[in-house]
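Novice: I have a structure I would like to understand better, so I am pasting it below and will then ask my questions one at a time.
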Amino acid sequence: MRRRVLRAMVAVAAAVALGALVDPGTLRADDKNDTKRPPQTEPQGFESHNELARDASPSKHAAQYSAWIVESSRFMDVPFRSFMPDRGDRPTVNLPVNVGIIKAPNGDITLYDSGWKQLSYIYDWQFPSCCWHPIRMQMTKIGLNPDNVKRIVVGHGHWDHSGQLSEFPNAILYIQKEELKQIDYFLSYPLQFNDGHIHAVNTVERHSYSSRQDLVNGGGTQQPPPSQGCARSPVCGYPPQTLQEIFGKVLGGKAQIVDGRHEIEDGLTIHPAFRGHTYGSQLLQVNTSIGQLVFGSDTYSSWEGIRDWNVANIQQTDTIQQMLAYEKCYALTSTSAGSFNNCIAAHEPKAYSTDYPITQHWWNIPAGNCSRAAELVLSNGEPSHVPLAPDRVYCERRDFPPQHPVFTYEK
C-alpha cells in the first residue's frame, strides 16, 4: 500500500514538474500563445500565425503584380541525395537557378535574386554547368526592359543568387542585416583551429584569404579544382566578385538594409527566414491576380520539398528553420487557390514543366543558350510574353563562355 501511494506521489510530482517546464498552452496555436517564439529564432525573424494570416489577406487596394521566372543557369548531374537527402529518386538531378521578375502596374520591375556571372568560379566547380545567359539579355528577349529594374531583393547573398547586381547600377538592393553580419563574421574567422575549412569565401584555396584586407587588396592565389571548392562548409558561398557587388551597393548608397519583416510597398512584402538557408535568408510575398506568390530562393530550393515536407539544399540550413519557413508559405498562401503551389522555388528540378504547375507556361528563351523562362501570372492587362509558337524542346549547352566582363557570348 505504501509503495502504491509513493508511486502515485512520484507520478503527481513528475506531472507538476513537467507542467512547470512545458506550458501546455504552447502546444496550441491560439491567440494567447501565438506570440511565443520558437527556440533558435531571432526576435526580428519571428512572425506569429496571426500576423501571417493578416498578410495572407492583403488590403483590397493592394497593387497586383505580374511575374515571371528566368533560368540564370543550370547545375548538371548533381547527386540527388546531396540536394534532397530523404529522396534520391534517381542518382543525379539537374537543378535550374531561377530569378524572379515582378512587374508593377506602373511598369517598375523588382528582381528577386539576380542569378550569377562568376563564370570563372562556376565552370571550374565540382558540377558541370549549363545554359548560362546574361540576365539583361534574357529580360530583353522575353519582352521586358531591364532599365526598368528599380530594386533587387536577394533571398541571400550567395554567388548564384546575387551575382549580377552590378548590371543594374541604379537599382536598390534589399538585403537583411543578418546576412551582412554572417558574411562579416566568417570573413575573419580564425584559420588555426580548423585549417580554414570554416570560411565565408568559397571557390578559392582556403588559405589564400586570411583577412578582410586581403579581399579588398585582391590578394590570394587562385588554385585549380578541386582545392578551390567550399566542400559544403557551413558558411561558404560568398566568392570575392559577389562580395564586391554586394558591398558596392551598400557602400555606394544603393542598398536598403532591412531587419526582419519589411513592407516595400502595398502588395510587396519581405518576410525573414533566418537560417532557413543562411543566417539572413528572406522571402518575398507578391500580391497577384491569383493570390499571394512567395519567392523563397534557397530556403525554398525545392517545391517538392515544400509539398512533401522534405528538407532540401541543406549545407547551411537549420532544418527546423527551413520547415518553419515552409509553414510561412503555407500560411501566406492560405487564402489563395494555389496554396503551396504558389511557393516559388529556386532550384526545383521539375521547374519548366507541367509537373510544377505554376511554371507550366514556359519556353526556351530565343538565342538564350538553352536558358528558359516561365510566365507565372499576369495582372493589370499585361499581355502575355509567351511566344505564339513557344519552343519547349528540352535542350542543354555546356559551352564555356569567354571569361571577360563584357557580355558578348552568343551562339
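Bear in mind these aren't lab numbers, they're just calculated from the coordinates by the rules spelled out. Treat the numbers as computed from the prediction; the structure is a model and nothing was measured. For neighbour counting, all protein chains shown are included, and Cβ atoms are generated from backbone atoms with ideal geometry for every residue, glycine included.
Novice: Return an integer: the convex hull volume of the alpha-carbon atoms of the range 307-347, in Å³ per residue.
Specialist: Once divided by residue count, the hull of the range 307-347 is 67 Å³.
Novice: A follow-up question, please. Would you list which lysines come within 20 Å of LYS36, measuring only between C-alpha atoms, while excluding same-chain residues fewer than 8 positions from it?
Specialist: Excluding near neighbours in sequence, the set is LYS328.
Novice: Evaluate the charge dipole of the range 260-308 about its Cα centre and quote only its size in Debye, nearest 20, assuming +1 on the Cβ of each Lys and Arg and -1 on the Cβ of each Asp and Glu.
Specialist: It comes to approximately 140 debye.
Novice: The range 335-397: which chymotrypsin sites (Phe, Trp or Tyr not before Pro) are DSSP loop and have at most 12 other beta-carbon atoms within 10 angstrom?
Specialist: Qualifying residues, ordered by number: TYR394.
Novice: I'd like the Kirkwood hydrodynamic radius of the range 240-372, using the inverse of the mean 1/r over distinct C-alpha pairs, in Å.
Specialist: 15.9 Å
Novice: Next question, about the same structure. So, in Å, what gap is there between the alpha-carbon centers of the range 42-114 and the range 132-155?
Specialist: Between the Cα centre of the range 42-114 and that of the range 132-155, the gap is 16 Å.
Novice: Need one word for the range 268-318: rounded, prolate or oblate. Basis is the Cα gyration tensor (sqrt eigenvalues a ≥ b ≥ c); a/c below 1.5 gives rounded, then a/b vs b/c decides.
Specialist: oblate
Novice: Is the C-alpha gyration tensor of the range 361-400 telling us rounded, prolate or oblate? Criteria: a/c under 1.5 is rounded; beyond that, a/b larger than b/c is prolate, otherwise oblate.
Specialist: Since a/c reaches 1.5 and a/b is larger than b/c, the shape of the range 361-400 is classed as prolate.
Novice: While we're here: Under a Cβ-only charge scheme (Lys and Arg +1, Asp and Glu -1), can you give me the dipole magnitude of the range 51-115 about the Cα centre, in debye to the nearest 20?
Specialist: The dipole of the range 51-115 has a size of about 120 debye.
Novice: Taking a temperature of 25 °C and a viscosity of 0.890 mPa s, what whole-number D in µm²/s does Stokes-Einstein yield for the range 134-177 with Rh from Kirkwood over alpha carbon pairs?
Specialist: My calculation gives 220 µm²/s for D.
Novice: Follow-up. Expressed as a fraction of 2.2 N^0.38 Å, the rule-of-thumb size for a compact globular protein of N residues, what is the C-alpha radius of gyration of the range 293-371?
Specialist: Cα Rg divided by the expected 2.2 N^0.38 Å: 1.14.
Novice: Here's something else I'd like to know. How would you classify the range 68-199 from its alpha-carbon gyration tensor, with a ≥ b ≥ c the square roots of the eigenvalues: rounded for a/c under 1.5, else prolate if a/b is greater than b/c, otherwise oblate?
Specialist: Cα axes put the range 68-199 in the oblate bin.
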